Amino acid sequence: PPKVERQSFEEILTMLSSTFRRAATAAASRSNATINIAQRTMAMGPAQGGEISDELLAKLGSLSTQALVDGLWVMGWPAAQIDGARPLHPSHKCVGRAVTLNFVPARPDIAQDKPPGGESPEYEAFEKCGPNEVLVMSSVGPWESIGGDIKFLRLKQRNIGGLVSDGSVRDTDEIIKYGFPCFSYSTTARQGPAAMQPWECNGVVSVSGVTVRPGDAIVGDQDGVVVVPAKVAEKVYNIAHGREEIEEIVKEELIKNPGPPGIYYPFMSGKIKVDSPLGKLLATKGITPENSNQFEGSADW
């Protein structure tokens, strides 16, 4: 009968309408989820700031930490020296790309939720390290232990480029025997797990108030440790290398003709005047604004 057919048709329309609504809601939900993920990713920003080649890494390692600091300083970048990290032994020098590990203050739920055993973030960080990497460990305090001989035996086995931390290390004699460069705030007999837990590998960390991103160049010598951001590493090298060349010329001249060094100051990259005593000295060595970025008007940063 027509009445039955009309009801069936209405039921079909109702079912179709309901199906379309559910499909539309699901699609919108998926779209919102995608947008939210994108928003979260953009809000966090990428952990790594750029890539540094092996060649550039070696060139950065050939320079002193003070020259690298000066290079970043004249560019207007914030302080890059990690004041809370000192060499464990006078022979220690390091250069490598940063692999970062962040510690957080100990809390029962943190200890429970952290991946256990060999899956812990610190061991993940260890396995990312090799001769061209420096492990940078951000401690919760200068006197807290970041590890000792048993843990760091793995770093020796990995032939790591270096270890840097604003915390302290245990089993100092053994670590020195391991032979890899180590820079820390100090040494301690404390146990670390009671105060802090390793929480994240290869995130952006703060070490003694200095930002370190995975992949940044880490250079350490007897003056301390410097972080060279990957994004500007080539530019920093060009400035610092030019400065070191000039410093060698100045020292050579002062050895040959002893006298107060003030005649060659002020000496700042990108600010040397051609007609100054330093500018004239450099001209005798073939260094001019045409081939150097150290002169007034020749700075390329």
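Whole number in Å², please: accessible area per residue of region 151-195, 1.4 Å probe, ligands, DNA and RNA not counted. Write down the numbers at each step before the final one.
Values: 2080 Å² over 45 residues.
For region 151-195, the solvent-accessible area averages 46 Å² per residue.
Tell me the carbon and sulfur percent of the accessible area for the chain, rounded to whole percent, probe radius 1.4 Å.
Numbers: 8960 of 16250 Å².
Roughly 55 percent of what the probe reaches on the chain is carbon or sulfur.
Just to be sure I understand the model, the point goes 7 Å from the Cα along the line to the Cβ. What's the resulting N238 to A43 distance in nm?
Label-label distance for N238 and A43, simple model: 3.8 nm.
Rounding to the nearest 20 debye, state how big the charge dipole of region 168-301 is about its Cα centre with +1 on each Lys and Arg Cβ and -1 on each Asp and Glu Cβ.
Details: 13 positive and 18 negative charges, 44 e Å.
For this selection, approximately 220 debye.
On a 0 to 90 degree scale, rounded to 10, what angle separates helix 233-256 from the longest Cα axis of the chain?
Once rounded, the angle reads 10 degrees.
Compute the Cα gyration tensor for the chain, then decide on rounded, prolate or oblate, letting a ≥ b ≥ c be the square roots of its eigenvalues: rounded whenever a/c is under 1.5, prolate when a/b is larger than b/c in the other cases, and oblate in all that remain.
Oblate shape, in that a/c is at least 1.5 and b/c is the bigger or equal ratio.
Which order do Y185, Y265, Y237 take by accessible area at a 1.4 Å probe, largest first?
Working: Y185 100, Y265 135, Y237 25 Å².
From most exposed to least exposed: Y265, Y185, Y237.
The values are calculated or read from the model by the stated rules, or taken from the named source; none is laboratory data. As the structure is a prediction and not an experimental result, all values here were calculated from the model. Every residue, glycine among them, receives a Cβ derived from its backbone with ideal geometry; neighbour counts consider all protein chains shown. For the accessible areas, the whole protein counts, side chains as well, though only heavy atoms, and no ligand, DNA or RNA atoms are used. Shrake-Rupley method; radii C 1.70, N 1.55, O 1.52, S 1.80 Å.
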